[in-house]
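Reading through the structure tokens given below for one structure.
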Amino acid sequence: LEALAERMRADVVIACKPRLPSLQLGSLIKRRHGSLLVIDVDDYELSFFKDQRDLTVAELPSLDVAADPTLREPYENQWTRLSEHLLKFGDIRLVSNTALQHKFGGVMVPHVRDERQFDPRNVDREQARRIHGVPVDAKVVLFLGTPRWHKGLAELAKAVGEIKDSKVILLLVG
């Protein structure tokens with residue numbers, strides 16, 4: 001990363017995802033060349049792990065790679081915990097939704113999709129339902145995205161469960 005940072009000069013560096021590789025490279029470029037570091041938080045990365053406690057730089061010497069082989073992987077729990085702690089070292093923070101903005105602050109830049117890709121006129125509805133095992137007469141409530149509890153799935157499931165129509169189903173696609 002240090003060799004890359006030496007060669008990469010930029011006025012602005014965007015670290016996509018608050019994970020150790022992008023944050024480390026972005027921080028090195030910032031330190032070497034005075035670049036502005038923008039960190040793009042598009043998901044709550046710790047939602048993928050049970051242990052969501054903060055891990056600070058001061059605690060790093062206590063980590064034992066010999067005892068915990070997951071420490072060799074930059075996307076594992078400890079490094080993700082550390083990465084969340086490192087967010088404060090960015091100059092600007094972008095977030096993709098209001099929940100992340102509430103948790104991390106920053107400027108919200110919603111992720112947009114090309115709605116033309118989802119135009120129902122371009123899809124054979126019955127064939128698509130057959131392929132995916134969805135009853136043709138079902139009334140589908142669709143959650144499309146990475147299913148994580150912090151995204152309101154419990155509330156959505158409860159609401160759909162309270163609908164008194166057996167044809168209404170909740171479909172999670174992620």
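The values are calculated or read from the model by the stated rules, or taken from the named source; none is laboratory data. From a predicted model like this one, the values you see are computed outputs, not experimental measurements. Please note: Cβ atoms are built from the backbone with ideal geometry, for glycine as well, and neighbour counts cover all protein chains shown. The accessibility values were calculated without ligands, DNA or RNA, using every heavy atom of the protein model including side chains. Shrake-Rupley method; radii C 1.70, N 1.55, O 1.52, S 1.80 Å.
Filtering the range 3-34 to residues that are within 21 Å of Gly105 (Cβ to Cβ) and of a type outside the set (Val, Ile, Thr) leaves Ala15, Cys16, Lys17, Pro18, Arg19, Leu20, Ser22, Leu23, Gly26, Ser27, Lys30.
Of everything listed in (1) in a loop (DSSP other than H, G, I, E, B); (2) touching a residue at least 12 places away in the same chain (Cβ under 8 Å), the single unmet condition for Ala66 is (2). A Cβ distance below 7 Å, combined with a sequence gap of six or more or placement on separate chains, defines the contacts here; from the range 1-26, residues that are more than 15 Å from His85 (Cβ to Cβ) reach residues that are hydroxyl-bearing (Ser, Thr, Tyr) and surrounded by 12 or more Cβ atoms within 10 Å (Cβ to Cβ) in the pairs Ala10/Ser35; Asp11/Ser35; Val12/Ser35; Val13/Ser35; Cys16/Ser22. Inside the range 156-174, can you point out the residues that are of a type outside the set (Val, Ile, Thr), in a helix (DSSP H, G or I), open to solvent by less than 80 Å² (accessible area, probe 1.4 Å) and more than 24 Å from Glu45 (Cβ to Cβ)? The answer is Ala159, Gly161. Search the range 15-54 for residues being of a type outside the set (D, E, K, R), over 14 Å from Tyr75 (Cβ atoms) and part of a loop (DSSP other than H, G, I, E, B), and hand back the single one that is most open to solvent (accessible area, probe 1.4 Å). The residue in question is Gln52. Only one entry in His85, His102 is part of a helix (DSSP H, G or I), at pLDDT 95 or above and either touching a Pro at 6+ places or on another chain (Cβ under 6 Å) or not β-branched (Val, Ile, Thr) (or both), namely His102.
Any residue in the range 139-147 that is open to solvent by 50 Å² or more (accessible area, probe 1.4 Å), touching an Asp or Glu at 6+ places or on another chain (Cβ under 8 Å), under 25 Å from Lys50 (Cβ atoms) and touching a residue at least 12 places away in the same chain (Cβ under 8 Å)? For the range 139-147, residues open to solvent by 50 Å² or more (accessible area, probe 1.4 Å), touching an Asp or Glu at 6+ places or on another chain (Cβ under 8 Å), under 25 Å from Lys50 (Cβ atoms) and touching a residue at least 12 places away in the same chain (Cβ under 8 Å): present. Of the residues Glu126, Glu115, the single one that is charged (D, E, K, R) and open to solvent by 100 Å² or more (accessible area, probe 1.4 Å) is Glu115. Counting the residues of the range 105-155 that are under 20 Å from the mean Cα position of the chain (by Cα), outside any helix (DSSP H, G or I) and farther than 30 Å from Asp91 by Cβ gives 6.
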